[in-house]
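The values are calculated or read from the model by the stated rules, or taken from the named source; none is laboratory data. Given the structure is predicted, the values throughout are model-derived calculations rather than measurements. Neighbour counts are summed over all protein chains in view; Cβ atoms, including those assigned to glycine, are modelled from backbone coordinates with ideal geometry. Surface accessibility is based on the protein's heavy atoms, side chains included, excluding ligands, DNA and RNA. Shrake-Rupley method; radii C 1.70, N 1.55, O 1.52, S 1.80 Å.
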Amino acid sequence: MKVLIAVDSSEIAEKTFEWYVDNFHKEENEVFVEHEADQPDLPTMMFAGGAGAFPQEEINRIVSEHKKAIEKLKNRYVDKCKDTKVTHYKVHVDTTETNPGHGIVKRADALGVDLIVMGTRGMGVFRRTLLGSVSDYVLHHTKRPVLIYHHQH
């Protein structure tokens with residue numbers, strides 16, 4: 001079975017991964033750990049006469065920190081796979097120009113996975129409606145089975 005586990009840097013994502021390994025994983029499963037990162041927030045300056053330039057050094061610093069954070073997350077899940085009974089795995093991190101949910105659905109289709117596993121922050125109806133939710137997006141835009149792990153505090 002091919003399983004895509006969608007992760008981010010949250011504790012909920014780590015708990016979801018651990019729950020999957022402890023309760024659902026089979027040795028022969030191929031596990032694809034997927035993180036769809038948002039673009040880094042680059043500063044802009046607006047003036048009455050139009051947009052102004054922001055110092056290139058600052059932009060380079062922000063992009064560099066973003067890349068380091070993504071690499072750190074990737075390494076964390078490579079280590080988690082090595083430290084558990086997950087033997088057939090790939091950890092993939094991508095920066096998405098759309099929303100992370102769209103990237104997860106697209107990647108799941110490209111890999112032909114049999115199951116998507118992800119956690120949810122458990123936002124209330126109002127916040128989820130206002131802000132959207134990655135798990136909600138995936139659930140409603142994929143034709144693949146989705147297992148949503150809801151961590152109880």
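Every condition in (1) under 21 Å from THR87 (Cβ atoms); (2) open to solvent by less than 30 Å² (accessible area, probe 1.4 Å) is met by GLU36 except one, and the failing one is (1). Within the option set ILE5, ILE59, being open to solvent by less than 80 Å² (accessible area, probe 1.4 Å) and at pLDDT below 95 holds for one residue only, ILE59. I'd like to know if segment 115-122 contains one or more residues that are modelled with pLDDT of 90 or more, of a type outside the set (Val, Ile, Thr), outside any strand (DSSP E or B) and open to solvent by less than 40 Å² (accessible area, probe 1.4 Å). No: segment 115-122 contains no residue that is modelled with pLDDT of 90 or more, of a type outside the set (Val, Ile, Thr), outside any strand (DSSP E or B) and open to solvent by less than 40 Å² (accessible area, probe 1.4 Å).
Look at segment 83-106: where a residue is within 15 Å of VAL3 (Cβ to Cβ) and a partner is among the β-branched types (Val, Ile, Thr) and open to solvent by 30 Å² or more (accessible area, probe 1.4 Å), sitting 6+ places away or on another chain with Cβ atoms under 9 Å, you get TYR89/VAL78; VAL91/VAL78; ILE104/VAL134.
Suppose we filter GLU28, GLU65, GLU11 for residues that are within 21 Å of THR98 (Cα to Cα), open to solvent by 60 Å² or more (accessible area, probe 1.4 Å), modelled with pLDDT of 85 or more and out of contact with any helix residue (DSSP H, G or I) (no Cβ under 9 Å at 6 or more places or on another chain); which single one remains?
Values: GLU28 fails: within 21 Å of THR98 (Cα to Cα); GLU11 fails: within 21 Å of THR98 (Cα to Cα).
The match here is GLU65.
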